[in-house]
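Structure first, commentary second.
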Amino acid sequence: MTELLKINQVSKSFGGVQALTNVSFSIQSGEIFGLIGPNGAGKTTLFNLITGVLPVSAGHITFNQCPLQNLPPHKILRLGIARTFQNIRLFSGMTALENVMVGMHSRTHAGILGAILRNAGTRREETHSKAQAHHLLTLVGISRHSNTLAANLPYGDQRRLEIARALASQPRLLALDEPAAGMNPSERDSLRELMHALHQEFNLTLLVIEHDVQFMMQLCHRMAVLDFGELVTVDTPDKVRHHPRVIQAWLGGDT
């Protein structure tokens with residue numbers, strides 16, 4: 001495996017509040033990497049730094065050896081990092097199919113003129129995009145909802161649609177922010193199977209935030225643990241579960 005994403009001494013402050021302090025780790029290509037920690041540990045803040053939603057206060061982030069500092073989210077997306085959000089952000093008034101097609105925008109070429117004139121190139125690209133969108137909806141298990149408005153989908157299927165839309169940008173790294181939030185145990189098991197399948201199908205590198213530790217232990221190859229904005233450890237799930245500070249962070253005790 002080769003190093004795909006590198007977090008080097010990254011810090012983030014909001015005025016006088018220090019959200020992250022000197023966090024460093026790397027993610028290898030083809031890895032399923034987990035990011036865990038209690039509420040307020042800085043997990044989503046780190047996601048927002050990686051994807052360009054927030055600027056880094058100090059330190060460096062590189063993706064495939066390319067610096068991400070000062071790059072806007074759409075340029076980071078084009079480099080190959082796609083994400084989902086802790087709070088679902090779909091286009092509620094558009095169908096599932098249309099939502100996925102929007103996710104392809106960074107990889108399509110038709111401009112305003114082509115959309116107005118509806119030339120042959122634009123029509124071919126739209127046909128191809130629709131076929132790809134249908135394929136992705138099938139992969140995530142919601143093809144039956146292709147013409148359903150996103151707002152009318154069940155919660156679990158909205159989560160799957162957001163994953164399909166992120167996949168539409170053809171990422172090398174897919175960052176999932178609490179993808180199993182609000183799901184029951186059966187839905188979580190199904191989601192974990194889907195994530196393993198997508199990892200194999202696209203040779204994807206996955207970066208996952210999730211509060212369900214058991215879910216993460218069964219999903220990830222390695223994990224990083226944050227607590228109060230500091231990195232506690234980076235290791236395999238089995239070693240993480242026996243780390244004293246990890247036990248203390250969740251159970252509030254020494255054993």
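The values are calculated or read from the model by the stated rules, or taken from the named source; none is laboratory data. All figures in this text were calculated on a predicted structure; none of them were measured in a lab. Ideal geometry is used to build each Cβ from the backbone, glycine not excepted, and the neighbour counts take in all protein chains shown.
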*Pick from 56, 23: which is in a loop (DSSP other than H, G, I, E, B), in contact with a helix residue (DSSP H, G or I) (Cβ under 9 Å, 6 or more places away or on another chain) and at pLDDT 95 or above?*
56
*Could we say that residue 182 is under 21 Å from the mean Cα position of the chain (by Cα), at pLDDT 90 or above, outside any helix (DSSP H, G or I) and not hydrophobic (A, V, I, L, M, F, W, C) here?*
no
*asked:* For the list (1) at pLDDT below 95; (2) not in a loop (DSSP other than H, G, I, E, B), I need the number of the one condition that residue 92 fails.
replied: (2)
*residue 154 more than 15 Å from the chain's Cα centre (by Cα) and not assigned by TED's automatic domain parsing to the domain that holds residue 29*: yes
*Quick one: would you say residue 137 is touching a helix residue (DSSP H, G or I) at 6+ places or on another chain (Cβ under 6 Å), aliphatic (A, V, I, L, M) and at pLDDT 95 or above?*
yes
*Among the listed residues 206, 226, which satisfies the condition of being in contact with a His (Cβ under 7 Å, 6 or more places away or on another chain) and either crowded, with 19+ Cβ neighbours inside 10 Å or assigned to a strand (DSSP E or B) (or both)?*
206
*Show the residue pairs that are 6+ apart or on different chains and have beta-carbon atoms under 9 Å apart, the first residue being within the range 122-144 and among the aliphatic types (A, V, I, L, M) and surrounded by 16 or more Cβ atoms within 10 Å (Cβ to Cβ), the second being at pLDDT below 90 and not in a helix (DSSP H, G or I).*
133/104
*asked:* Can you tell me which of (1) free of Cβ contacts under 8 Å to residues at least 60 places away in the same chain; (2) aliphatic (A, V, I, L, M); (3) in contact with a strand residue (DSSP E or B) (Cβ under 9 Å, 6 or more places away or on another chain) is the one residue 19 doesn't meet?
replied: (1)
*Give the range 32-50 a look and list any residue that's part of a loop (DSSP other than H, G, I, E, B) and crowded, with 21+ Cβ neighbours inside 10 Å, or say none.*
37, 41, 42
_Single match in 191, 176 (criterion: in contact (Cβ under 8 Å) with a residue 40 or more places away in the chain, buried (at least 16 other Cβ atoms within 10 Å of the Cβ) and under 22 Å from residue 86 (Cβ atoms))_ = 176
